[in-house]
Amino acid sequence: MDLVFGFIFMSIGLYGGFRAFVITRNPEAKKKYPKTTLKALTFFAYFIFISYALIIIVEGIKYLSQL
C-alpha cells in the first residue's frame with residue numbers, strides 16, 4: 001500500500017514538474033505570463049526533478065546495499 005501511494009504522489013509531482021517545464025519552454029508563454037512567474041515555474045520544475053532524482057538514487061543505494 002505504501003508503494004501505491006508513493007507512486008501516486010510521485011506521479012502527481014512529476015506531472016506538475018513536467019507541465020511547468022513545458023510551459024516555460026513555450027515561446028508564446030513569454031507573452032502570456034510575467035517573467036517572475038516563468039522563473040518560479042522553472043525553479044519548481046527543476047526542484048521537482050532534482051529532488052525526485054535524489055530520492056531514486058538514495059533508494060537505489062539502499063536496495064543495492066541489501067544484496
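The values are calculated or read from the model by the stated rules, or taken from the named source; none is laboratory data. As the structure is a prediction and not an experimental result, all values here were calculated from the model. In this analysis, Cβ positions are derived from the backbone assuming ideal geometry, glycine residues included, and neighbour counts consider all displayed protein chains. Side chains are part of the model used for accessible areas, which takes the heavy atoms of the whole protein and leaves out ligands, DNA and RNA. Shrake-Rupley method; radii C 1.70, N 1.55, O 1.52, S 1.80 Å.
Here are a few things to note about the model shown:
- Cβ pairs under 7 Å, 6+ apart, first in the range 13-26 and under 10 Å from Ile48 (Cα atoms), second among the β-branched types (Val, Ile, Thr): Gly13/Ile48; Leu14/Ile48; Gly16/Ile48; Gly17/Ile48
- Matching option when the condition is modelled with pLDDT under 85, open to solvent by less than 90 Å² (accessible area, probe 1.4 Å) and part of a helix (DSSP H, G or I), among Val22, Val4: Val4
- Counted residues, the range 25-67 - those being more than 17 Å from the chain's Cα centre (by Cα), of a type in the set (A, V, I, L, M, F, W, C) and at pLDDT 85 or above: 2
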